[in-house]
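Here's the structure, in structure tokens; my notes come after.
A short reminder: the numbers here are calculations on the coordinates, not readings from a lab. In this text the structure is predicted, and so the values were computed from the model without any measurement. Methodologically, a virtual Cβ is constructed for each residue, glycine included, from the backbone with ideal geometry; neighbour enumeration extends over all protein chains shown.
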Amino acid sequence: MIIIIVGLVLLLVAYNLKKVNSPLSANSGMIRVIGIVVVIFGILSKCVVQVDAGKVGVQSIFGNVKKETLNSGLNFVNPLADIKELDLKTQNYTMSGVHD
């Protein structure tokens with residue numbers, strides 16, 4: 001998310017440099033292109049999620065849990081989705097806190 005914000009700030013700087021007469025205004029086109037590339041990279045990096053081995057990913061979008069789970073490995077998801085990883089391994093439980 002921070003990458004997208006940095007890209008948007010670069011776009012705003014490029015827009016404002018174009019309006020002001022300064023030596024940097026000649027570079028406003030290059031700054032605008034860099035800002036667009038940074039925003040696109042930020043969105044694409046948010047679309048790819050890695051789920052570790054032995055875990056499954058559960059997607060939640062605006063509080064609604066999707067029925068489809070994400071298998072281990074790389075997955076393409078909605079950039080607005082929150083992914084929670086859950087462990088699939090069998091876990092041992094001992095009741096050692098019981099006293100006579």
- Item | Solution diffusion estimate, µm²/s, Stokes-Einstein, the stretch 34-96, Kirkwood Rh from C-alpha pairs, 25 °C, viscosity 0.890 mPa s | 182
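Hey, with R₀ at 25 Å, roughly what FRET efficiency would Val65 and Val37 work out to, going by the Cβ-Cβ distance, to 0.05?
Working: r = 34 Å, r/R0 = 1.36.
Calculated transfer efficiency: 0.15.
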- Message: Sort Ser28, Ser22 by Cβ crowding within 10 Å, fewest neighbours at the top.
- Response: Ser22, Ser28
- So how much slack lies between Tyr15 and Lys55, counting 0.36 nm per residue of separation and subtracting their Cα-Cα distance, in nm? 9.9 nm
